[in-house]
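Student: So that we are looking at the same thing, I have put the structure below in structure tokens.
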Amino acid sequence: MANKIEVKDLLEAGVHFGHLTRKWNPNMAPYIYMERNGIHVINLYKTAAKIEEANEALKKIAASGRKILFVATKKQAKDIVADKAGKANMPYITERWPGGMLTNFVTIRKAVKKMASIDRMKKDGTFLTLSKKERLQVDRLRAKLEKNLGSISDMTRLPGALFIVDTMREHIAVKEALKLNIPIFAMVDTNSDPRPIDYIIPSNDDASKSIEAVLSHVSEAIIEGLADRKSDKQAEKEGKDSTPKAKAEAKTATDDLTKVEGIGPKIAEIFQNEGIKTYADLAAKSVEDLSAILTAAGSSFASKNPGSWPKQAKMAADGKWDELKVWQDNTKGGIE
């Protein structure tokens with residue numbers, strides 16, 4: 001069980017410190033408690049509530065087997081993100097964001113495969129047959145790839161979600177995720193726009209103590225989700241639904257709609273409230289029906305493209321998981 005989020009702990013970590021009032025984004029007004037000495041103070045009770053909301057969603061994504069990509073290239077966040085994401089066995093980007101990391105994922109995968117092929121060359125002795133100059137060039141290429149892409153070498157498909165520290169700095173990552181309907185979780189300071197973010201955590205994204213305080217709770221929730229997945233698999237292997245979670249799922253007969261590329265926890269919840277609880281229910285809906293539901297849910301969901309969701313749901317309903325995985329691997333973010 002993840003540790004309870006205490007407002008006192010967040011206060012001691014300096015999570016409440018925002019930016020100068022003249023640099024604020026008006027859309028962050030609901031999360032600001034007051035202004036003091038020209039600096040906005042964030043409402044930590046809202047921060048704690050948002051962390052709990054984000055944790056529940058992240059836990060579900062981790063339990064579904066999808067990867068959560070952590071993104072933080074600012075100096076004070078690099079080591080913390082690498083440590084927390086590493087402990088949760090999740091990929092992360094702490095160097096420069098590679099343009100097209102998500103929208104051109106096939107090319108990025110080729111670069112990762114190149115890194116693997118160099119490793120194979122060193123193992124089978126092919127590397128030693130190269131000239132001294134060629135070996136030096138290959139070593140330099142390997143070092144460059146390791147620095148930029150080493151932490152995502154195990155990511156064979158697009159992530160189920162992004163967790164971003166400082167959305168203004170990582171604006172390219174935000175745009176790419178929005179284009180591919182990938183849910184975004186983020187630490188958002190008072191100078192940033194929270195509207196494109198699916199799960200906002202209003203907090204100080206500049207201080208290392210603040211970043212560590214938030215990421216500690218986040219990583220614990222992900223680890224808990226992975227543990228649930230492991231126990232569910234074990235129960236399935238033994239042929240019995242021993243966990244309360246498994247019994248609840250069997251009783252309510254609902255499917256995990258987030259396994260459809262492009263559907264995050266919030267959209268899955270919207271669909272379930274509309275009576276779309278199984279893959280079969282989703283497959284029976286037309287694209288126009290889904291678009292109407294998303295539009296009615298709010299402007300932040302109206303831009304989502306549900307074009308391929310019924311098709312993916314049909315494959316899932318028919319139990320064609322291998323076919324679905326191949327389709328998702330070859331299609332960007334579930335958009336044909």
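Residue by residue, here is whether (1) of a type in the set (S, T, N, Q); (2) open to solvent by less than 40 Å² (accessible area, probe 1.4 Å) holds:
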position: THR258; (1), (2): yes, yes
position: ILE263; (1), (2): no, yes
position: ILE270; (1), (2): no, yes
position: THR278; (1), (2): yes, yes
position: ALA292; (1), (2): no, no
position: ALA296; (1), (2): no, no
position: SER299; (1), (2): yes, no
position: ALA302; (1), (2): no, no
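Student: Here's another thing I want to ask about it. Working carefully through the options LYS147, LYS179, LYS175, LYS209, find the one that is over 29 Å from PRO265 (Cβ atoms) and out of contact with any strand residue (DSSP E or B) (no Cβ under 9 Å at 6 or more places or on another chain).
Tutor: Numbers: LYS179 fails: over 29 Å from PRO265 (Cβ atoms); LYS175 fails: over 29 Å from PRO265 (Cβ atoms); LYS209 fails: over 29 Å from PRO265 (Cβ atoms).
Checking each option against the conditions leaves just LYS147.
Student: Among the residues that make up region 34-48, is at least one of them acidic (Asp, Glu), surrounded by fewer than 19 Cβ atoms within 10 Å (Cβ to Cβ) and part of a helix (DSSP H, G or I)? Steps first, please.
Tutor: Residues of region 34-48 acidic (Asp, Glu): 35.
Imposing the further condition that a residue be surrounded by fewer than 19 Cβ atoms within 10 Å (Cβ to Cβ) reduces the set to 35.
Those still in the list that are part of a helix (DSSP H, G or I) too: none.
So far as region 34-48 goes, no, none of its residues is acidic (Asp, Glu), surrounded by fewer than 19 Cβ atoms within 10 Å (Cβ to Cβ) and part of a helix (DSSP H, G or I).
Student: While we're on this one: Restricting attention to region 64-79, and to residues there that are assigned to a helix (DSSP H, G or I) and either in contact with a helix residue (DSSP H, G or I) (Cβ under 6 Å, 6 or more places away or on another chain) or acidic (Asp, Glu) (or both), which single residue is surrounded by the fewest Cβ atoms within 10 Å (Cβ to Cβ)?
Tutor: Taking region 64-79 and keeping what is assigned to a helix (DSSP H, G or I), we get 75-79.
With either in contact with a helix residue (DSSP H, G or I) (Cβ under 6 Å, 6 or more places away or on another chain) or acidic (Asp, Glu) (or both) added as a condition, the list becomes 76-77, 79.
Values: GLN76: 17, ALA77: 25, ASP79: 14.
For region 64-79, the residue satisfying everything is ASP79.
Student: Also: List, please: which pairs have Cβ atoms under 9 Å, are six or more places apart or on different chains, and start with a residue in region 270-290 that is among the basic types (Lys, Arg) and end with one that is assigned to a helix (DSSP H, G or I)?
Tutor: LYS277/THR252; LYS277/LEU257; LYS277/PHE271; LYS285/PHE271; LYS285/ILE293; LYS285/TRP309; LYS285/PRO310; LYS285/ALA313
Student: Right, here's the next one. Output the residue which, of all residues in region 80-107 that are aliphatic (A, V, I, L, M) and closer than 16 Å to LYS67 by Cβ, is most open to solvent (accessible area, probe 1.4 Å). Before you say what the answer is, go through the steps one by one.
Tutor: Of region 80-107, the ones aliphatic (A, V, I, L, M) are 80-82, 85, 88, 90, 93, 101-102, 106.
Keeping just the survivors that are closer than 16 Å to LYS67 by Cβ gives 81-82, 85, 88, 90, 93, 101-102.
Working: VAL81: 1, ALA82: 29, ALA85: 0, ALA88: 2, MET90: 11, ILE93: 2, MET101: 0, LEU102: 0 Å².
Out of the qualifying residues, it is ALA82.
Student: Moving to a separate point now. If you check ILE51, ILE5, which single one turns out to be touching a helix residue (DSSP H, G or I) at 6+ places or on another chain (Cβ under 6 Å) and either without any contact (Cβ under 8 Å) to a residue 60 or more places away in the chain or outside any helix (DSSP H, G or I) (or both)?
Tutor: Values: ILE51 fails: either without any contact (Cβ under 8 Å) to a residue 60 or more places away in the chain or outside any helix (DSSP H, G or I) (or both).
Answer to the check: ILE5.
Student: Next up: One residue is enough: does region 23-30 have a residue meeting the conditions modelled with pLDDT under 90 and either within 26 Å of LYS266 (Cα to Cα) or surrounded by fewer than 16 Cβ atoms within 10 Å (Cβ to Cβ) (or both)?
Tutor: So in region 23-30, the residues modelled with pLDDT under 90 come out as 23.
After this cut, where a residue has to be either within 26 Å of LYS266 (Cα to Cα) or surrounded by fewer than 16 Cβ atoms within 10 Å (Cβ to Cβ) (or both) as well, the list is 23.
Yes, region 23-30 contains at least one residue that is modelled with pLDDT under 90 and either within 26 Å of LYS266 (Cα to Cα) or surrounded by fewer than 16 Cβ atoms within 10 Å (Cβ to Cβ) (or both).
Student: I need a count of the residues in region 185-212 that are of a type in the set (Gly, Ala, Ser) and crowded, with 24+ Cβ neighbours inside 10 Å. Before the answer, list the steps.
Tutor: Pass one, region 185-212, residues of a type in the set (Gly, Ala, Ser): 186, 192, 203, 207-208, 210.
Checking the rest, the ones that are also crowded, with 24+ Cβ neighbours inside 10 Å come to 186, 192, 203, 210.
So the count comes out to 4.
Student: Hey, could you check region 94-128 for residues that are without any contact (Cβ under 8 Å) to a residue 60 or more places away in the chain, touching a helix residue (DSSP H, G or I) at 6+ places or on another chain (Cβ under 9 Å) and among the hydroxyl-bearing types (Ser, Thr, Tyr) and say which is nearest to ASP83 (Cα to Cα)?
Tutor: Checking each candidate, the answer is THR94.
The values are calculated or read from the model by the stated rules, or taken from the named source; none is laboratory data. Values in this document were obtained by computation on a predicted structure and should not be read as measured data. Cβ atoms come from the backbone with ideal geometry, glycine included; neighbour counts cover every protein chain shown. Calculation scope for accessible area: heavy atoms of the full protein, side chains included, ligands and nucleic acids excluded. Shrake-Rupley method; radii C 1.70, N 1.55, O 1.52, S 1.80 Å.
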